[in-house]
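The values are calculated or read from the model by the stated rules, or taken from the named source; none is laboratory data. Model, not experiment: these values are computed from the prediction. Here the Cβ positions follow ideal geometry from the backbone for every residue, glycine too, while neighbour counts run over all protein chains shown.
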Amino acid sequence: MEVFGIIRKGFMKIVECRGNDREIGEAIGEDLRSEIQQHIAHFVRDVASLTGRIRFFVESTASYLPGVMEQLKGIAWGARVREEEIFALNLPSVGQVLSLAECSNIVFQSGPAGPLWGKTTMTAFRQGSSGGRSAC
C-alpha cells in the first residue's frame, strides 16, 4: 500500500493512497481515525436497533460492490472501530439526527483516475443553522 498523504481543502480532508480495496480502506481508517470515531459517537446511537438495516446494507453492498465492502471493512480496522459501526454510519440515515440535512454516499466503479468514492452533502441555509456548513 502507498499512502501519499492527506490534502486539506477547507474543512475537508482527502486521503491520497494506492493499494487493493482493503489496503485503501485501512489507510483511510488510520488517517481519519479520530474523525471517524467522533462521527460514530455523534451519529450512531444504538447499533443493535439497526441490525436489520445493517444486514440488508452488508448483503447488498457485498453483492453489488464487493470492493467497497472490503474498503469499509478496512476503514473499520484502521479506525479501530467495529465493522457494524462503520456500516451503521454509512446507512442512508441513522435515526433522526440527520433529519434537516441528509447526506448520501456515492460510488463510481471507474473514473479518470480509477474508482471514485465520496459523500454528497446538502447544507441547511436557515438562520441558526450550522453557518452554511453541512451536517455531514
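Could you list all residues from the stretch 29-51 that are crowded, with 18+ Cβ neighbours inside 10 Å and acidic (Asp, Glu)?
30, 31
Look at the stretch 27-64 and say how many of its residues are assigned to a helix (DSSP H, G or I) and farther than 13 Å from residue 78 by Cβ.
Number satisfying all stated conditions: 24.
Does residue 80 fit the bill of being surrounded by fewer than 15 Cβ atoms within 10 Å (Cβ to Cβ) and more than 12 Å from the chain's Cα centre (by Cα)?
In short, yes.
So which of 91, 72 ends up being outside any helix (DSSP H, G or I), touching a residue at least 40 places away in the same chain (Cβ under 8 Å) and either loosely packed, with under 15 Cβ neighbours inside 10 Å or under 16 Å from the mean Cα position of the chain (by Cα) (or both)?
91
Given the conditions (1) over 13 Å from the mean Cα position of the chain (by Cα); (2) surrounded by 14 or more Cβ atoms within 10 Å (Cβ to Cβ); (3) farther than 16 Å from residue 89 by Cα, report the number of the one that residue 26 does not fulfil.
(1) is the only condition that residue 26 fails.
Scan the stretch 71-93 and tell me whether some residue there is in contact with a Leu (Cβ under 9 Å, 6 or more places away or on another chain), within 18 Å of residue 53 (Cα to Cα) and at pLDDT below 65.
For the stretch 71-93, residues in contact with a Leu (Cβ under 9 Å, 6 or more places away or on another chain), within 18 Å of residue 53 (Cα to Cα) and at pLDDT below 65: absent.
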